[in-house]
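Here the structure is laid out as structure tokens; the discussion comes afterwards.
Just so it is clear, none of the values below were taken in a lab; they were calculated from the coordinates. Keep in mind the model is a prediction, meaning the values are calculated, not measured. Cβ atoms come from the backbone with ideal geometry, glycine included; neighbour counts cover every protein chain shown.
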Amino acid sequence: MKNIKNILFDCDGVLYQDLESVFGQVSKRMTKYISEKLKINLVAAKKLQTDYFHKYNTSLNGLMIHHDIPPKEFLNFVHDIDLSFMEKDVVLRGEIEKLDLRKFVFTNGSSEHVSNITTHLGIEDLFENVFDIVDAEYNPKPAAKAFDLMVKKFDIDPKETIYIEDIAKNLSIGKERGATTVWLINNEYWGKKESDKDYIDYKIENLSLFLKEIRLLKNS
């Protein structure tokens, strides 16, 4: 940990873990958008949404490829959700704040969504920068192009970087580029897929505790 200078956080499923409460809403709005835009019923829309997600890593990617969907319109619509239930995470804030590293968010979502999430968690001022799907030119993780564009934007060396994800397979490119990779253990079908691969350096159960361990190791 001594030569680690940067830490990359995925947003959904990492900065908070109640995916169903947040992404459940996003998913419903995706289905509604697809249904209205393509003039198909909700069942067919949901199937298309799932198929594209599995095939192209984001539903949006598939929609852009096959239906020429305007991405910003899609992102604005699906991330217009109610987060009033989300409470400030004082423990997480304390651990991120105490960590003497450059801190970034690397997401397949939009920067507006990250801002919404981090504001509700009370950690919005702790990150130096955000890299979102627009920055990635709509190439979703784990695409090499997304990772390389992110490295360029943040001006970081992957070999000095810890990268934390809830979707195990997204870490593959991070490891390839030399980052220290961390999978936040979860039982989501898509999240745990490929979680047995050797491109994962650490598996953790609690983000705040892991950040505390990094701090103690760096200071020892």
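Values computed for the structure shown
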quantity: Dimensions (Å) - segment 20-78, Cα atoms, principal axes, largest first; calculated: 29, 22, 22
quantity: Segment 105-144: radius of gyration and largest Cα-Cα distance (Dmax), Å; calculated: 10.5, 31
quantity: Degrees between helix 42-56 axis and first principal axis of the chain (Cα, 0 to 90, nearest 10); calculated: 40
quantity: Interchain or long-range residues, amide H under 5 Å from F131's placed H; calculated: V105, F106, T107
quantity: Rounded tilt (10° steps) of 144-154 against the dominant C-alpha axis of the chain; calculated: 50
quantity: Under DSSP loop assignment and at most 12 Cβ neighbours within 10 Å, longest trypsin sites (Lys or Arg not before Pro)-free interval of the chain; calculated: 89-220
quantity: Using alpha-carbon coordinates, inclination of helix 111-121 to the longest axis of the chain, degrees; calculated: 60
quantity: Mean separation of Cα contacts under 8 Å, 6 or more apart, over the residue count of the chain: relative contact order %; calculated: 23
quantity: Which label in (i) 30, 19, 16; (ii) 24, 22, 16; (iii) 27, 21, 16 gives the computed semi-axes √(5λ) of the Cα gyration tensor in Å; calculated: (i)
